[in-house]
Amino acid sequence: MNALLSIHNLRVHFGKGDRVVRAVDDVSLEVGDGETVGVVGESGSGKSTLGRSIVGLVPVTSGTIKFRGADITTLSARHRRPLTADIQMVFQDPFSSLNPSRTIAQTLAEPFLAHGRSDRTHRREMAVDMLNRVELTADALDKYPAQFSGGQRQRIAIARALMLSPRLVICDEPVSALDLSIQAQILNLFADLRDDLGIAYLFIAHDLAVVRHLAQRTVVMYRGQIMESGPAADVNDSPRHPYTQSLHAAAPVPDPIMQRTRREARIGSASTTVDLTSPSVGCPFASRCPSAFDRCRLERPPTVQIAPRHHAACFLVQPAAPGATDDNNTDLPTIQHAQPRRSP
Amino acid sequence: MGLIRRPAAAISILWIGLVTLAAIWPSLLTNADPNNQDLANILQGPSWSHVLGTTTLGEDVYARIVYGARPMAVAIVFALSIALVLGTIGGVVAGYLGGAVDGFLIRAADVLFAIPGLLILLVVYSVFPYNISAGMATFGVILSAGLLRIVRSVTLGVREEPYVDAAVVSGLSRSQIMTRHVFPRIRPVLFVQAALIAAIVIVVDSGLAFLGFGPRPPQPSWGGLVAEARGAIFRQSWLLIPSGAAIALTVLALSLIGDALRDQNTAAWAPSKLTRQRQKPTTHVPALRPEAIDAVLDDDASALLSVTNLAIAFGDAADQLEVVSDVTFSVRPGEVVGLVGESGCGKSVTAASVLGMTPGTGRVVRGSCVFEGREMLTATAGDWAAIRGRRIGFVSQEPMVSLDPTYRVGHQLREAVRRHQKCSRRAASDRVIELLESVQLPDPVAVAKRYPHQLSGGMAQRVAIALALAGDPILLIADEPTTALDVTVQAEILDLLRRLRAERQMAVLIITHDWGVAADLCDRVVVMYAGEVVEAADIHALIAQPLHPYSVGLLDSHPERSPADERLVAIPGNVPHPAHWPTGCRFEPRCPRSIERCSLNPVAEVHIGPDRRVRCIRACDGGAPR
Amino acid sequence: MLRLIGRRLTFAIPMLFIVSFLSFFLVSLSPTDPARVILGPYASQEAVEAKQLELHLDDSIFGQYWRWLQGALHGDLGRSIVGGGDVTTQLNARLGATLSLVLVSLGVVAVLGVGLGIVSAVRGGVIGRTADAISVAGFALPAFWIALLLTSFFSVRLGWFPVAGYSTIDQGVRDWGRSLALPAFAASLAGVAVVSKQTRASMLEALSRDYVRVMEANGFSRRSIVYRHALRNATIPVVTVMGVFTVSLLGSAVVIENLFAYPGIGSLAASAAAQHDLPLIQGAVIYFTLIVIFVGLLLDISYSLIDPRVRVH
């Protein structure tokens, strides 16, 4: 199966010498046609930079990005133009992703301007059609962004992204700035559009639970590297990498009893007040990991296959025994909350 | 141009119009010949024949001023056009292209900007006497440097906006982006700067004319006229007035126009928020209506904080908008109460009012707020000084901006400590270390010496909490304290708050939109929607069985609550703007359980059980749909 | 701190080169022949040619500039065409006067400008509006006109201040002050306007920041919040504005010195320009540039004292 998007050993570095920031540090992943891959991480994980490098907003230092088999890593702006009909992006902040002094009609017309397609009436028709798809009405066309709520603006941004019927949409934390009830609406909208139009998503978020709802596969990033990747349900419900486990344990759920259980589980897990400089050798999570030992600080852990499509980059994870076929092989030892090596 | 509405700007435009007319068609404004000398009547004051008097050679002052406008205008047009063209193109190119081009241009601009224009013009005029075009061309180049810097910075600002990223991703070419997004932003700036540059040219040009580097005599010039007045200063002091006034009034008019344009720009581009005005301690006397306190009180006389039927409005008496209309809740000693709701429900404004700090034009219009037995809505500045920091502490959302970036962290904490208790500097420093330890910062001594920008988000928030605790308060108000933090950091801050509450027997009022946070930390929860409390209960009871359809919907829409492959439960519609609150139940348009009666009248809160209230007429009919 | 000074110097040196070359270039465009100017209209052709050789006028412009530069680096800025005196000596004699004027004016701008700005930001009502009005007026009124009006009233009519001249500090601080008072006040007016406006805007902005809200909520005193915290943050952009004003201050200093017959570099530059004394005016440009650099350095140091983000990365 030829993947729609395939990324190999991608590195995006800023600055040089001592002060280099390895925003994306050797990342490889694939997105199939119509598939939703979630990328989860906290601030500084490089997830946004990853998304931005795919659409060409950020230059790539090394590695390859292929779209439908063609190498798009270092395309110039001019050569990239035809691609922009196929790969689109939705941004995080609904308040600044629409030009406040332009009407919605003008904003929605932009994708057409670049491709010189269709005349004005046709454009307007398509804009109305798209607005309806995102559950807004045609009278929005002549209004300005300030007249809409955050959720509505995000719908408009989604409409804009879909105007040219892209195959892949990079969603950069599209619901993080929205209220909970609106978040649910927008997530449902993403799911509906995917089902109707067969679009693939690279869905970037900081919330494992959000991603679990939309994605078939989840990739967990920390400091530019992939810590764990696998089926969304598995990564969320039974994480194997210590970082994913700490993410999972830390995310609060609206259930006080479950929270207490999680709290107790959290004791002994990663501390955030230690010095957080990103080391250039070893596992980036080593300084915070309760189960870290010497080798973790010296060598970067290899990506180990736990199950057919489930991988983790950690020395403590044992690879699947040859011949194992199911994803949830309960014979394998899972990492429980190990005893702390030092006090929290 | 809404500019005409402001009187100062309107008069200024009129004046500039007159000056322009004088430059283009001077004979329209005066019959006199500016070069007509009348040696019998020199240095006269104002009279019927000579409105503004005569010069040292008997020429009519008014005529000389009118005819002197033209060389001034020519100079302005020349210098301004060159400055605008070079500055705009340079600024846009530098700002948009970046890299080496930008580096070169900005350095060149910095050098040019540091050269005193008048000085270089002296050089030019000493080499090319009376050559106005050479002089003004040079001046235009020098002035373009300042404009380049401004245009560049606006361009940089626009370039960083996500909507430009979106345009790039849509495939727009550079020139398309410039036309659609950059130039519209620059145009208003250019108008402002043009007015200011014109003013500068007038001042410099007339200064040079004063020194003798103006138009070749006997041509009139404003600066030359001032020089003449100076020569005659011991004989007559009148000539000074009209000569200088012409210059001053024109410069004044131009700068007023520039200011007005600038104000217009700021208004057009700023998002419409409730702008915060100058912070003054609010000594407020609300219209307290005794009958308002027949409200449903949380039955607890021992409450630390008791808010009853609070209503807050913004704007002045004529044009008032209520954003909170009926909030009642209480906080008992040592308890954690969560004020939960989405954006626009009024929870932050409520919390601010508890501290007497309603932002901007907001004020409490009804209700009461009793803290430790005292009505706080009538508190004086002295009362607040005794309470803020000492009895009530406050933690805000963004830790990095909660601390003054220009002082070390330890210094700010020390100030807080010494504000709340009299002690020596040494004792205060010790106390600061204690505070930093109590918020579980490793190496407190090192942290105290740091500046806020040297701390991570989590560390800065711990410092902000330490600051709030400096006066040993009995109630901590935390306004979305973890929203801006990563989830792992958030978990630790919540742990910290829990521990502090236990150690200090401190009550906490936490404002949050995150149910998980509420579930983790709170004993009781007060749910707000559209300016009202819609449900209040013990956290366990609320989660187990929410009664108000909004609470139900909100909890159900949490991603953890739906199985992976199904659609999330979502409340349809949007939160209504305070100006458009429905007259009946405010949630009715979005409610799955609404009936006709819901939209008829406002709904009152009802006591369901001990410590449980709900604002819904359907809450008790056959149980909530769960 | 050292890094800051280093940075300012790396900016200063190319600037000196560029400015000196620029003025050299402009001067070289002059149609008049310096040799003939020096020797007078009656000199013979051979004498003129000999003089031209002596002055190396046959060299290319770069050659002439290089020669000039070498002299300049040794402190020799050539000889004035009018009177033949040494340029460097003449300028040095007047440096003190101009420096006094510039520094005192900047001091007045800093104190009055910031003061007025705070008043108009913190207090409303009549006082605030008056402060606002002074801001606007100060910018509009041309310095030399104000100087004349003040002279006409305070010097000619009341005799409180000298009409012209300058006395150095070693002749008595009181006289020094009196001779500086009107020139410095007139020169500083525009700066007071600009600085007070910026101070007001920055103060209002600083007072709307989150840390002000947090401090007020936690009981910090109003005085401390306004005068210790908000003010410190507000002065950062004000320092920048003062740097911008310095440049135009030097420009108006030329006119004001001339007006008051004040023996500074500015008045010398003005008379040199009138007499087409190109080496002298070139020298004056260099000295002015040095003053700009010097003031820039002082402002950088203030910057680093106020804003720790500049000092500590």
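Values in this text are rule-based calculations from the coordinates and carry no lab data. Computed from a predicted structure; not experimentally measured. Glycine also receives a Cβ, built like all others from the backbone with ideal geometry; neighbour counts cover every protein chain displayed.
What's the average, rounded to a whole number, of partner chain beta-carbon atoms within 10 Å of each residue's beta-carbon in B:532-540?
Values: counts 0, 0, 0, 0, 0, 0, 1, 4, 3.
The shielding value for this peptide is 1.
Tell me, what is the FRET efficiency for residue C:2 and residue C:298 to the nearest 0.05, using R0 = 22 angstrom and their Cβ-Cβ distance as r?
Details: r = 16 Å, r/R0 = 0.71.
With R0 = 22 Å, the Cβ-Cβ based efficiency is 0.90.
Report, in degrees rounded to the nearest 10, the 0 to 90 angle that the Cα long axis of helix C:45-54 makes with the longest principal axis of chain C.
The angle comes out near 50 degrees.
Tell me, what is the percent relative contact order of the stretch B:7-274, built from C-alpha pairs under 8 Å that lie six or more residues apart?
Values: 361 pairs, mean separation 62.3, N = 268.
Normalised by residue count, the contact order of the stretch B:7-274 is 23 percent.
Size of the dipole of the stretch A:52-149 about the Cα centre, Lys and Arg at +1 and Asp and Glu at -1 on the beta carbon, nothing else charged, in debye to 20?
On the way: 13 positive and 10 negative charges, 81 e Å.
Computed about the Cα centre, the dipole is about 400 debye.
When a/c reaches 1.5 or more, the comparison of a/b and b/c decides; with that in mind, is the stretch C:250-293 rounded, prolate or oblate per its Cα gyration tensor? List each step's numbers first, then the result.
Working: a/c = 2.23, a/b = 1.04, b/c = 2.15.
Because a/c hits 1.5 or more and a/b fails to exceed b/c, the stretch C:250-293 counts as oblate.
At a 10 angstrom cut-off on C-beta neighbours, averaged per residue, how do the peptides B:190-197, A:150-157 rank from highest to lowest?
A:150-157, B:190-197
How do C:100-110, C:138-148 rank on mean C-beta neighbours within 10 Å, highest first? Present the calculation step by step, with values, prior to reporting the outcome.
Working: C:100-110: 21.5, C:138-148: 24.6.
Going from most to least packed, we get C:138-148, C:100-110.
In degrees from 0 to 90, rounded to the nearest 10, what is the angle of the helix B:240-269 Cα long axis to the longest principal axis of chain B?
30
If you take each beta carbon of peptide C:219-228 and count the beta carbons of other chains within 10 angstrom, what is the mean?
Counting other chains' Cβ atoms within 10 Å and averaging over C:219-228 gives 5.
If you rank B:205, A:86, A:237 by fewest surrounding Cβ atoms within 10 Å, what's the result?
Working: B:205 29, A:86 16, A:237 13.
The order, fewest Cβ neighbours first, is A:237, A:86, B:205.
Suppose a student asked you for the relative contact order of chain A, using Cα pairs under 8 Å spaced at least 6 residues apart; what percent would you report? List each step's numbers first, then the result.
Values: 639 pairs, mean separation 60.2, N = 344.
This gives 18 percent for chain A.
Sum -39500 (n - 2.57) across every DSSP H segment of at least 4 residues in the protein assembly as shown, then divide by the residue count to get the 222 nm mean residue ellipticity, nearest 500.
Working: 45 runs with 621 residues, N = 1283.
That comes out to -15500 deg cm²/dmol.
So for each of A:175-184, B:417-426 I average, over its residues, the number of other beta carbons within 10 Å; can you give me the resulting order with the highest mean first? Spell out each step's value before the answer.
On the way: A:175-184: 22.8, B:417-426: 14.5.
Descending packing order for the listed peptides: A:175-184, B:417-426.
Give me B:322, C:49, C:54, C:216 ranked fewest to most by other Cβ atoms within 10 Å of their Cβ, as a rough exposure proxy. Walk me through the intermediate numbers first.
On the way: B:322 18, C:49 13, C:54 10, C:216 22.
Taking fewest neighbouring Cβ atoms as first place, the list is C:54, C:49, B:322, C:216.
Within 10 Å of each Cβ in peptide B:572-578, how many partner chain Cβ atoms are there on average? Round it to a whole number, please. Walk me through the intermediate numbers first.
Values: counts 3, 4, 9, 5, 0, 1, 0.
Shielding by partners across B:572-578 averages 3.
Which shape class applies to the stretch B:544-619: rounded if a/c is under 1.5, otherwise prolate when a/b exceeds b/c and oblate if not, where a ≥ b ≥ c are the square roots of the Cα gyration tensor eigenvalues?
Details: a/c = 2.34, a/b = 1.33, b/c = 1.76.
Cα axes put the stretch B:544-619 in the oblate bin.
Counting other beta carbons within 10 Å of each residue's own, what order do B:483, A:137, A:244 fall into, fewest first? Write out the running numbers ahead of the final one.
Working: B:483 14, A:137 9, A:244 25.
So the residues, fewest neighbours to most, are A:137, B:483, A:244.
Over chain B, what relative contact order in percent results from Cα pairs under 8 Å that are six or more residues apart?
11
Out of C:237, C:162, C:14, any idea which swings most in a Gaussian network model of chain C, alpha carbons joined below 10 Å?
C:14
Which three extents, in angstrom, do the Cα atoms of the stretch B:7-274 have along their principal axes, listed largest first?
78, 46, 30
To the nearest 10 degrees, how steep is helix B:457-469 against the longest Cα principal axis of chain B, on a 0 to 90 scale?
80
In a GNM of chain C with a 10 Å cut-off on Cα contacts, which of C:258, C:218, C:92 has the highest mean-square fluctuation?
In the Gaussian network model the winner is C:218.
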